[in-house]
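Since the structure comes first, as structure tokens, the remarks are kept for the end.
The values are calculated or read from the model by the stated rules, or taken from the named source; none is laboratory data. From a predicted model like this one, the values you see are computed outputs, not experimental measurements. Neighbour counts run over all protein chains shown; Cβ positions are idealised from the backbone, glycine included. Note: areas computed on protein heavy atoms with side chains; ligands, DNA, RNA excluded. Shrake-Rupley method; radii C 1.70, N 1.55, O 1.52, S 1.80 Å.
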Amino acid sequence: SSGINAEYGIGVYHLATGHTENISVGFNNTNWEPQQWGEAWNSVLWAYNGWISLSVLLGEVKDPKMLPKIVGISMAIVTVLYVSAVTAYHVVLDIETMNSKSALASKMASKIIGPAGDYIFAIAVAVSTLGNAMCASLASSRFLQAGGAQEILPGCFALVNKRFKTPMFALLFVMVTATLFNLAGNVYSLINTASFTSFAFTSLCALGLIVLRRKEPDTPRPAKVSLFFPVVTIITGIYLFIVPWFTNTIMCGVWTGMTALGIPIFYVCVKGYARPSCLLSISGTITSFMGRILKSE
């Protein structure tokens, strides 16, 4: 947040010194094609996706009833910070530079402060990225741990370190896969790919919430929200799932196919249909070995 405050300060200074040429064009040449808006929304919503981490960690919150309030307050703060940063970019940088999508914070600082600003903001962005990676790994590892504990995934994913009480194997798995994905392509391709699949499953989770609210209305719920939010989530998820097919059909087809592969794997490995007899033995051996290595149980 300190880096965003600095960006906002630079924007205010630039505007106060009479530089209005970049914002005087308004919304000229705006692209109104629904397909392009879908791709833009993928990137925008990805930046605000931190609320999912809070939901995953609900079991570790002392007062789960505080979750809706926590999400609401944090989203409001993040919205103000992000809108302030983007406004500062528009004030300082011309539209051609904005469309380049390349290190905008560093370019803005370099234009106002000089070459030193480029390095300062590059370091600030790197620190911010590291913090985001830590939060994401914290939440993602809990997904895998829950899967291992419920025997949906191999038992090694459920291993918890005896000293730190963290899912060590799940954390290592997230670290390795994230590194491989970063080596595979540019960040915008990764964001579009991850958004395409993650928002689809987020919509399915929201649909499940509505179904359970209807079928089991009297079930105790640590945190309860209005059905307005899951309905909006479902509509948004459907839009973000359908639109990318018009602009990047191959990518959508590949990742839909890879996701669909989970269906036969689920029935073979979890439900036990046609499951090889040696599979459980191999899984148990790996779990025992990793438990000793990672000092987990």
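In the set ASN49, ASN22, only one residue is within 30 Å of ALA223 (Cα to Cα), at pLDDT below 75 and either charged (D, E, K, R) or surrounded by 12 or more Cβ atoms within 10 Å (Cβ to Cβ) (or both); that residue is ASN49. Residues in region 119-136 that are over 24 Å from VAL176 (Cα atoms) and open to solvent by 60 Å² or more (accessible area, probe 1.4 Å): TYR119, ILE120. Taken over region 71-85, the criterion of being surrounded by 16 or more Cβ atoms within 10 Å (Cβ to Cβ) and β-branched (Val, Ile, Thr) is satisfied by VAL71, VAL78. Within region 94-110, restricting attention to residues that are modelled with pLDDT of 75 or more and more than 21 Å from ILE120 (Cα to Cα), which residue is least open to solvent (accessible area, probe 1.4 Å)? If we take residues in region 94-110 being modelled with pLDDT of 75 or more and more than 21 Å from ILE120 (Cα to Cα), then ASP94 is least open to solvent (accessible area, probe 1.4 Å). Looking across SER277, SER296, SER283, one residue alone is touching a strand residue (DSSP E or B) at 6+ places or on another chain (Cβ under 7 Å) and at pLDDT below 85. It is SER296. Does PRO217 satisfy the criteria of being open to solvent by 70 Å² or more (accessible area, probe 1.4 Å), touching a helix residue (DSSP H, G or I) at 6+ places or on another chain (Cβ under 7 Å), more than 30 Å from TRP41 (Cα to Cα) and outside any helix (DSSP H, G or I)? When the stated conditions are applied, PRO217 does not pass them.
With respect to (1) touching a residue at least 60 places away in the same chain (Cβ under 8 Å); (2) exposed (fewer than 13 other Cβ atoms within 10 Å of the Cβ), the lone exception for GLY291 is condition (2). Within the span defined as region 160-177, one or more residues are in a helix (DSSP H, G or I), open to solvent by 70 Å² or more (accessible area, probe 1.4 Å) and aromatic (Phe, Trp, Tyr).
Of the helices (runs of 4 or more DSSP H) lying entirely inside region 65-116, the ones with 3 or more residues being among the β-branched types (Val, Ile, Thr), under 20 Å from the mean Cα position of the chain (by Cα) and under 13 Å from ALA47 (Cβ atoms) are found at 67-92.
Name the single residue that is least open to solvent (accessible area, probe 1.4 Å) among those in region 233-274 being in a loop (DSSP other than H, G, I, E, B) and in contact with a Phe, Trp or Tyr (Cβ under 9 Å, 6 or more places away or on another chain).
Residues of region 233-274 that are in a loop (DSSP other than H, G, I, E, B), as a first pass: 243, 248, 261, 271-274.
Applying the additional criterion that residues be in contact with a Phe, Trp or Tyr (Cβ under 9 Å, 6 or more places away or on another chain) yields 243, 248, 273-274.
Numbers: VAL243: 13, ASN248: 68, TYR273: 138, ALA274: 95 Å².
The residue in question is VAL243.
The C-beta contact set for region 234-261 (first residue over 17 Å from TRP37 (Cα atoms), second residue modelled with pLDDT of 85 or more and not charged (D, E, K, R), distance under 7 angstrom, 6+ apart or interchain) comprises ILE234/SER203; ILE234/ALA206; ILE234/LEU207.
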